[in-house]
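Just below is one structure, and these are the notes that go with it.
The values are calculated or read from the model by the stated rules, or taken from the named source; none is laboratory data. The structure displayed is predicted, hence computed values, not measured ones. Cβ placement follows ideal geometry from the backbone for every residue including glycine, while neighbour counts extend to all protein chains displayed. In case anyone asks, the SASA skips ligands and DNA or RNA and just uses the protein heavy atoms, side chains included. Shrake-Rupley method; radii C 1.70, N 1.55, O 1.52, S 1.80 Å.
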Amino acid sequence: MERMERTKEDETGETGPEGQPSRADGVANPTNPASAIGTEGSAPGAAGAAGATGAAGPDRAAPNRAMNSFSPADEEKFRGVRRMKLMATGLLLFVALVYVLAKWAGNSGAGAWTGYVAAAAEAGMVGALADWFAVTALFRRPMGLPIPHTAIIPTKKDQLGVSLGEFVGENFLSQDVVRQRLRAVGIGSRLGTWLALPEHADRVTDELATALRGALAVLRDSDVQAVVGEAINRRADAQEIAPGIGKTLEKVVADGGHRRVVDLICVRAHDWLVLHNDQVMDAVQGGAPGWTPRFVDKRVGERVYKELLRFVTEMRDMPAHPARGALDRFLTDFASDLQSDTDTRARVENLKREVLGRGEVQDLIASAWSSVRQMIVSAAEDERSELRLRVRASLLSLGTRMATDARLQGKVDGWVEGAAVYVVTTYRDEITSLITETVAGWDAEHTSRKIEAHIGRDLQFIRINGTVVGSLAGLLIYAVSKALGA
């Protein structure tokens, strides 16, 4: 804990020109963001951002925890920043010492060279101080003074977030940029080459099977059954079936397809009459009047049975039997009525509604889903099932085509580009607002320290370069002045 406190104190301080740490005006206590109070003249942005963060509470701070806390990696980076600060400040103190010694030596009559050294050291100090001020002004107020346009990152954090969001939206989320980038990637060709490999097709098949099983497990049977039943009923109500049945029947009769059914019925009827002759004669005798003699009823029953058996036998054995012709005409007329007769069509529709409305039919529709689901789950789990083998073969075929067919590659690329452009153009404001709102939710002081930890070393090199370049520029100016006799 002691080391953490020292680290946070070092993070919020900057080595001043005299080697003393200076503290920014209005910098909050790292352990208590609510304690940040800006002094007179400080911009309200930092205090307002810190106050807004504190007022938002844990709900708002939670998504931005990474920017509101210092990780061990951040601490290590900041230690490097502090080392560079000491180096830059040490160089400033060195040129200051050189300046003092050069002036002393010049006053002591050491020679003209002391003027060159003093000029170089003096310009180096000016460059170092100017760059120190510029670097410090990014993160805090130099020496705590309420100088305008300082502490830029803490006070302008929200504005920087808005600008960053607008920059991303204009330069990265534009339609032309997205299309150009995706076209350069060549997704269709790459996807086809990847999918054409058997191991990749196996992997995709496994993933699809897992997803299918998961989807079927999530779906409730009652919900799916209700949807399927409603869809079937709605489709049946919307579509009149009589004309379709009539056309089908008309074609069947024209092609003679019904004759096999008639042959089968005649055979079955003949066989049934042969086996149940007693039942037929008893039925005829039972329907006779009570006043007729029993032997008369018996003779009538036998006669009716023989005529019925003869009729069925002739129909079975004679393709040109008149009854078969009458049946053909009846079916032809019925097929025509199904297509054109209003009364017949209405009766068929009423019959359809009655059949669909029966509980047995609805139960059959509902139970069909359970059978289909079990069949699909079993096929998805079995690696050698026809379903998975066909899916795998289709994926391999698709991958091969995509890898070699330029036209198909163009279609896939076009679909991907269109989808990406739609997402970008439709949700660009939401994407950029995510950047803006995320930055706005960051704590100003933590954000400033975090940014300094990442780029602070390079900024300290600016101070070092300013010292060196300033010294060289001062030396050059002094030499030119001497050469011109100034």
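Brief remarks follow.
- Backbone HN-Hα couplings from phi across the range 83-89 [Karplus 6.51/-1.76/1.60, Hz, Gly and Pro as x]: 5, 5, 4, 4, 5, 5, 5
- For the range 347-362, the Karplus equation 6.51 cos²θ - 1.76 cosθ + 1.60, evaluated at θ = phi - 60°, returns couplings of 5, 5, 5, 5, 4, 4, 5, 5, 5, 5, x, 5, x, 5, 5, 5 Hz by residue, with Gly and Pro reported as x.
- What the Kirkwood sum gives for the range 74-137 is a hydrodynamic radius of 13.0 Å, with every pair of different alpha carbons counted.
- Convex hull volume per residue, computed on the Cα atoms of the range 114-262, equals 446 Å³.
- According to the Cα-based calculation, Rg over Rh for the range 280-404 is 1.32, with Rh computed by the Kirkwood formula.
- In this simple spin-label model, placing a label point 7 Å from the Cα along the Cα-to-Cβ direction at both residue 320 and residue 145 gives a separation of 12.7 nm.
- Between residue 349 and residue 163, the FRET efficiency from the beta-carbon distance, with R0 = 56 Å, is close to 0.25.
- Accessible surface, per residue, of the range 351-476 when the full set of protein chains is kept, probe 1.4 Å, Å²: 58
- Phi to ³J(HN,Hα) by Karplus 6.51 cos²θ - 1.76 cosθ + 1.60 over the range 253-262, Hz, x for Gly, Pro: 5, 4, 7, x, x, 6, 5, 5, 5, 5
- Calculated FRET value between residue 263 and residue 385, using beta carbons and R₀ = 56 Å, to 0.05: 0.85
- What you get for the range 229-357, charging only the Cβ of Lys and Arg (+1) and of Asp and Glu (-1), is a dipole of about 240 debye around the Cα centre.
- Each principal axis of the range 337-486 carries a Cα extent, and these read 124, 43, 40 Å when sorted largest first.
- Chain lengthening between residue 239 and residue 251 when straightened (0.36 nm per residue, less Cα-Cα): 2.3 nm
- Label-point separation, residue 175 to residue 224 (7 Å along Cα→Cβ), nm: 4.1
- In this structure, residue 368 and residue 276 have a Cβ-Cβ separation that, at R0 = 30 Å, corresponds to a calculated FRET efficiency of about 0.20.
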